[in-house]
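The values are calculated or read from the model by the stated rules, or taken from the named source; none is laboratory data. Just so it is clear, the model here is predicted, and its values are computed rather than measured. Glycine gets a Cβ as well: all are built from the backbone with ideal geometry, and neighbour counts include every protein chain shown.
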Amino acid sequence: MVIYNYNTDKLVIVAYPTGAGGKFLVNCLGVSEVACLQDWELYNLTPKQKKQLILDRLASTPKGTWQDLDLGCFKMFENNLDGMTVKEIHSIDWEFQKIVDISNGSKYYFQVTHNAQDHAELVNAFPNTRTINFVNSNQLKRNIYKPIEDINVKAEFIFDVTNYKDRSNTLNSVQEFYNHFGLQDFDRNFILDYYEKWIKHINE
């Protein structure tokens, strides 16, 4: 019987305070052919299908609200892993075999965290994880959330939230992450379309 692979190097832990735009970056990476969105049931979608799903869900999100496009850690793991110790994470009885299969697969998948203690437990539970930390989070001015201070954790990669103030900086920074992770299918036209619609929605 295949068991959950806690030593996977395909998990990416993304640390940012609520409202800092972390899910935008996660979704931009998740549409790659060698990554997945934060919903294990969508694992086998093609990049084209994932891109259309994101734009459709964004278009159907009521003005002045935000539900993360119905994607997230609970959808990915059936458990958001918040507040859990390493021992508790390693003791999870995974209900769905597909989640176990993903941990043993070849696609990148994503877990987010909003505080330093949870981040510490996660990186210890998944010793080969890749990590991204957001900085200058308070620079994203939006009506839906008011981001709190940065999460001060060590990470493999840093994302500067001030990039979101400029279309070109956003596109270039997302492309840099594609390069970091060896993703070969950066779709500039999609990222631009998604960015313009997303930034308009969160500021309405």
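The residues of segment 22-67 that are charged (D, E, K, R), buried (at least 17 other Cβ atoms within 10 Å of the Cβ) and without any contact (Cβ under 8 Å) to a residue 60 or more places away in the chain, listed by number, are D39, K50. Residues that are under 27 Å from L42 (Cβ atoms) and at pLDDT 95 or above do not occur anywhere in segment 135-154. In summary, K200 fulfils each of the numbered conditions (1) of a type outside the set (A, V, I, L, M); (2) closer than 24 Å to Q67 by Cβ; (3) touching a residue at least 12 places away in the same chain (Cβ under 8 Å) with the single exception of condition (3).
Looking only at residues that are under 23 Å from D70 (Cβ atoms) and of a type in the set (D, E, K, R) in segment 80-96, which one is modelled with the lowest pLDDT? Top of the filtered list is E95. Among the residues making up segment 29-65, a single one is touching a Ser or Thr at 6+ places or on another chain (Cβ under 9 Å) and of a type in the set (A, V, I, L, M, F, W, C): V34. Whenever a residue of segment 109-127 is without any contact (Cβ under 8 Å) to a residue 24 or more places away in the chain, its partners that are part of a loop (DSSP other than H, G, I, E, B), lying with C-beta atoms within less than 9 angstrom and at least six residues away or across chains, give the pairs Q117/G83. For segment 105-120, how many residues meet the condition of being crowded, with 20+ Cβ neighbours inside 10 Å and over 18 Å from L25 (Cβ atoms)? Final tally of qualifying residues: 1. Regarding I132, is this residue closer than 20 Å to I3 by Cβ, β-branched (V, I, T) and surrounded by 14 or more Cβ atoms within 10 Å (Cβ to Cβ)? Taking the combined requirement at face value, the residue does not satisfy it.
Say whether the condition of being at pLDDT 95 or above, of a type in the set (S, T, Y), over 21 Å from P127 (Cα atoms) and touching a Phe, Trp or Tyr at 6+ places or on another chain (Cβ under 9 Å) is met by at least one residue in segment 5-27. No; the residues of segment 5-27 include none that is at pLDDT 95 or above, of a type in the set (S, T, Y), over 21 Å from P127 (Cα atoms) and touching a Phe, Trp or Tyr at 6+ places or on another chain (Cβ under 9 Å). Taking the conditions (1) modelled with pLDDT under 95; (2) acidic (D, E); (3) assigned to a loop (DSSP other than H, G, I, E, B) in turn, E41 satisfies each one other than (3). For segment 97-110, the count of residues that are basic (K, R), closer than 19 Å to G72 by Cβ and at pLDDT 95 or above is at least one.
When F181, F177, F190 are checked against the criterion of being over 15 Å from the mean Cα position of the chain (by Cα) and touching a residue at least 24 places away in the same chain (Cβ under 8 Å), F190 stands alone in meeting it. Here I148 fits the description: closer than 18 Å to T18 by Cβ, out of contact with any Phe, Trp or Tyr (no Cβ under 9 Å at 6 or more places or on another chain) and surrounded by 14 or more Cβ atoms within 10 Å (Cβ to Cβ).
From the list V135, V153, the one residue that fits, being closer than 25 Å to H180 by Cβ and either within 16 Å of the chain's Cα centre (by Cα) or acidic (D, E) (or both), is V135.
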